[in-house]
1. What is the mean number of Cβ atoms from other protein chains located within 10 Å of the Cβ atom of each residue in peptide A:209-222, rounded to a whole number?
2. Which distances, in nm and shortest first, link the B:Ala184 label point to the same label point in every other copy, taking 7 Å along Cα→Cβ?
3. For A:Asp97 and A:Ala30 in the same chain, what is the full-extension length gain: residue separation times 0.36 nm, less their Cα-Cα distance, in nm?
4. Given +1 on the Cβ of Lys and Arg, -1 on the Cβ of Asp and Glu, and no further charges, what dipole in debye does the protein assembly as shown carry about its Cα centre, rounded to the nearest 20?
5. Quick one: net charge of A:Gly154's neighbours, Cβ under 13 Å, K/R +1, D/E -1?
6. Assume the label is 7 Å from Cα along Cα to beta carbon: what separations in nm does A:Ala96 have to the matching positions in the other copies?
7. So what are the ³J(HN,Hα) numbers for the range A:184-196, from phi and the Karplus equation (6.51, -1.76, 1.60; θ = phi - 60°), rounded to whole Hz, Gly and Pro as x?
8. Can you find, among A:Gly178, A:Gly194, A:Thr121, the residue farthest towards the positive end of the dipole of chain A? Put +1 on the C-beta of Lys and Arg, -1 on that of Asp and Glu.
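Just so it is clear, none of the values below were taken in a lab; they were calculated from the coordinates. Just so it is clear, the model here is predicted, and its values are computed rather than measured. We place every Cβ from the backbone using ideal geometry, glycine too, and count neighbours over all the protein chains shown.
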2 protein chains.
Amino acid sequence: MSGLLGLDWGTSSLRAYWLDGQGAIRETRARPWGIRQLPDGGFDAALADITHGWPPLPRLACGMVGSRNGWLEAPYLKLPADTAQLAATLVSVRAADGLPVHIVPGLREPRGPDVMRGEETQLVGALALQPTLARQSTWLLPGTHCKWVNVSDGGVTDFCTLMTGELYTLLLQHSILGAAIGDAVADEAAFARGVIAARDSGAAGAFSRLFSARALMLDGALAASSVPDYLSGLLLGEELRSVVAGQRYRLDGPVQVIGDAALCARYRTAAHHFGISVVEPLADAAAHGLWQIALSRGLVGNGSTTHRALPSC
Amino acid sequence: MSGLLGLDWGTSSLRAYWLDGQGAIRETRARPWGIRQLPDGGFDAALADITHGWPPLPRLACGMVGSRNGWLEAPYLKLPADTAQLAATLVSVRAADGLPVHIVPGLREPRGPDVMRGEETQLVGALALQPTLARQSTWLLPGTHCKWVNVSDGGVTDFCTLMTGELYTLLLQHSILGAAIGDAVADEAAFARGVIAARDSGAAGAFSRLFSARALMLDGALAASSVPDYLSGLLLGEELRSVVAGQRYRLDGPVQVIGDAALCARYRTAAHHFGISVVEPLADAAAHGLWQIALSRGLVGNGSTTHRALPSC
């Protein structure tokens, strides 16, 4: 049997894909076993569980599993970086079952400086699904640490991280803005109000208006239960304001997006207030990226059926 | 005996002053009893303890004690607001000992919107100590929620809150930036590096560079123990960048400052990178402000020795 077991292994979750010999997804499994919350037995136990009953195919992982606090540290590649370069720089760790797990490297942007792990693989998958975007495209990957990415000539040429998702969680859970507001109630108008406040904050930026989330609530001008959506709008709006002001990403055409559908929809709504068009998100980009990288490395394809040894393993 | 008992009662701490008949500080006491962490017995127990043994003088409090979650909610006054207006709008709560505690109102800025409680009293005190600044001056009050304030013709005409201090604590304690960095070591160069990175972030703003605190550390270009000072520089620098870009405060002359001496010194160092001059901080501004407001209201002065009843009590 040919195919690949792909692992998208992040900080807070683990997703596994069984891909057939043509790279189609046969089965997907998810566990809450990010590298910060592994089960007893650590990486080996998590791997054994999530791939239980699947055939002994080559295994390729991406994401924080390759970070310093992961299973094995994989390097960060310089920009520009494409599929072939990622595939050429896999590292491999031998699992408890004696067989290797290959890990995709991350990318490093020197000016921020900035780093990514996992998103490079999602981008490879997305570009394989939509090859016309390889020449020139702008990408948004929302999440805890949102990435904005420039792609040119089939490779990643620039990117930056905005900690929008993490700041939202921190401010709601731990700051004065989230104090005594009770349960959140979805409020599209409050979200839009936050986006517009951020957009109109000018070069000063919306962090100078964060406290309005509390002042409006104290005024009775914003329901306590709407503070989360207002704050979400303010932070997504600030991200968009900052990206527009930075003039680093081409925003005149549609922005491609990869991520959770509901979160991508929030970005699409917010982007509308900036005259920016955000497309519908792609699904399973990581699985397709892992397949492409495995193909490029020769782990799969051309009838490959067994664990091919890598020099670094 | 004449005089005043002044209470500067914030979210996380309580400070009490015994002022003599001329408004000079006879004694100061501090307790960790902010309104969010009161002792058993609440506000009354805290008051009885911190004023134990002091004479039964009129009592005037400012700060979050007058907030919705405080002892009694005091209103927010419109801008511009001066000493006489603050004094005219005191509210009063009767303590367990049967005598009143008067509370200074806060201020509300309509555009943010934004609010302050406590800083208005510090400003009254600072302007009384330096009357030449009353005509026109720019003020910085660093802290958990840093305030920038315009004073004109003896009153507060504009202000805004920057949550710099709270964001610093949140990011270090709860975000990926503070993960696995061990104990902080003071590093002036790292602080300056953060300030300059923020200053040079342009209109995009330094929140687009927050993740550099982690990327530099992963690169080995920033010691893990220096991440706190780098992050502090980045956040203070962003605050200054934002205030400069907003063009809301006059920065061509010296900026006056009230607050903790060490924190004010950090702001002074950071401001130097922006060509902004920040003066030495004033001490005990709140005590002097409470005295001025008490004088204006007639709670003290002209031989006043007893608890004068207020209509609102």
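1. Mean partner-chain Cβ count within 10 Å for A:209-222: 5.
2. Taking the point 7 Å beyond Cα along Cα→Cβ, the inter-copy spacings are 2.8 nm.
3. Full-extension gain reported as 22.0 nm.
4. Using Cβ point charges on Lys, Arg, Asp and Glu, the protein assembly as shown gives about 420 debye.
5. -2
6. 5.9
7. 6, 10, 4, 8, 4, 5, 5, 4, 4, 4, x, 4, 5
8. So the residue furthest toward the plus end is A:Thr121.
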